[in-house]
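A.B. asks: Shown below is the structure under consideration.
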Amino acid sequence: MIDTTPFSHCECRRMGNTYPVCQSDLMLEEEGKKVRLTLRAGEEAKALVLDGCVFTDNATKCDAMYLFKGHSKKVAALVELKGASDIAHAFTQLAYTRKHRPEYQRLKETLDNSGSGTSMEKAFIVSNGMLSKPERERLENQHGIRVNEILYSEPSSKVPDVREWI
């Protein structure tokens, strides 16, 4: 079981969410950008609100994270939901959260200690715009973080599932 103490109050819930970014227990949305995580039998995951719950200060941070535990792997996945005009700033937010936020490190360690399996870190930007490959690579090298870009631009489109990248 993934224990999120002392941040369990920041978990997205199936019903009765108090944080606007939580659409359900495993679906996140901000200003029309959506992403979800689906589970298969024997898997477990939690979505946590970082901006405004785990982190309540004015320092740089990303929006949310998924903690995923499957049969042979565990993933701590940071998520930034971002408009097309500000994608470059999302790299700063993701890298700062991963490298400089002790709360993130504590949650990742909790996942690491939640049983057997290889633990990985992932980062996602969900946006209605995309960077060119050279620009994305430049930002990844500049910030020292590998990022998966997920395009979501249509309200009528299927909501992307981070499972495809985990």
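The values are calculated or read from the model by the stated rules, or taken from the named source; none is laboratory data. Values in this document were obtained by computation on a predicted structure and should not be read as measured data. A quick note on method: Cβ atoms are made from the backbone with ideal geometry, for glycine too, and the neighbour counts reach across all protein chains shown. In case anyone asks, the SASA skips ligands and DNA or RNA and just uses the protein heavy atoms, side chains included. Shrake-Rupley method; radii C 1.70, N 1.55, O 1.52, S 1.80 Å.
A.B. asks: Go through segment 20-33 residue by residue and tally those that are open to solvent by less than 50 Å² (accessible area, probe 1.4 Å) and within 25 Å of residue 84 (Cα to Cα). Before the answer, list the steps.
C.D. replies: Quick first cut of segment 20-33, residues open to solvent by less than 50 Å² (accessible area, probe 1.4 Å) only: 21-22, 24-29, 32-33.
Among the residues that remain, those that are also within 25 Å of residue 84 (Cα to Cα) are: 21-22, 24, 26-29, 32-33.
Residues flagged as open to solvent by less than 50 Å² (accessible area, probe 1.4 Å) and within 25 Å of residue 84 (Cα to Cα) within segment 20-33 amount to 9.
A.B. asks: With the condition kept exactly as written, say whether any residue in segment 129-148 is within 17 Å of the chain's Cα centre (by Cα), within 24 Å of residue 11 (Cβ to Cβ), open to solvent by 30 Å² or more (accessible area, probe 1.4 Å) and not charged (D, E, K, R).
C.D. replies: yes
A.B. asks: Looking at (1) outside any strand (DSSP E or B); (2) more than 14 Å from the chain's Cα centre (by Cα), find the lone condition where residue 119 falls short.
C.D. replies: So residue 119 meets the others, but not (1).
A.B. asks: Taking the options 44, 11, name whichever one is in contact (Cβ under 8 Å) with a residue 40 or more places away in the chain and not polar (S, T, N, Q). Full working, then the answer.
C.D. replies: On the way: 11 fails: in contact (Cβ under 8 Å) with a residue 40 or more places away in the chain.
Result of the check over 44, 11: 44.
Each row is one residue, and each column tells you yes or no for (1) under 15 Å from residue 125 (Cβ atoms); (2) out of contact with any helix residue (DSSP H, G or I) (no Cβ under 8 Å at 6 or more places or on another chain).
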| site | (1), (2) |
| --- | --- |
| 24 | no, yes |
| 30 | yes, yes |
| 33 | yes, yes |
| 45 | no, yes |
| 60 | yes, no |
| 111 | no, yes |
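A.B. asks: Could you list, in sequence order, the residues of segment 14-27 that are without any contact (Cβ under 8 Å) to a residue 60 or more places away in the chain and either out of contact with any Cys (no Cβ under 9 Å at 6 or more places or on another chain) or of a type outside the set (D, E, K, R) (or both)?
C.D. replies: Pass one, segment 14-27, residues without any contact (Cβ under 8 Å) to a residue 60 or more places away in the chain: 14-20, 22-26.
Scanning segment 14-27 gives 14, 15, 16, 17, 18, 19, 20, 22, 23, 24, 26.
A.B. asks: Just one of 71, 89 is part of a helix (DSSP H, G or I) and open to solvent by 20 Å² or more (accessible area, probe 1.4 Å); which is it? Even if it seems obvious, please write down each step before you answer.
C.D. replies: On the way: 71 fails: part of a helix (DSSP H, G or I).
The unique qualifying residue is 89.
To keep it simple, each residue is scored yes or no on (1) open to solvent by 50 Å² or more (accessible area, probe 1.4 Å); (2) part of a strand (DSSP E or B).
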{"site": "40", "(1), (2)": "yes, no"}
{"site": "48", "(1), (2)": "no, yes"}
{"site": "53", "(1), (2)": "no, no"}
{"site": "58", "(1), (2)": "yes, no"}
{"site": "62", "(1), (2)": "no, no"}
{"site": "67", "(1), (2)": "no, yes"}
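A.B. asks: Which members of segment 144-158 meet the condition of being over 13 Å from residue 87 (Cα atoms) and at pLDDT 95 or above?
C.D. replies: Once the filter is applied, which keeps residues that are over 13 Å from residue 87 (Cα atoms) and at pLDDT 95 or above, segment 144-158 yields 144, 145, 146.
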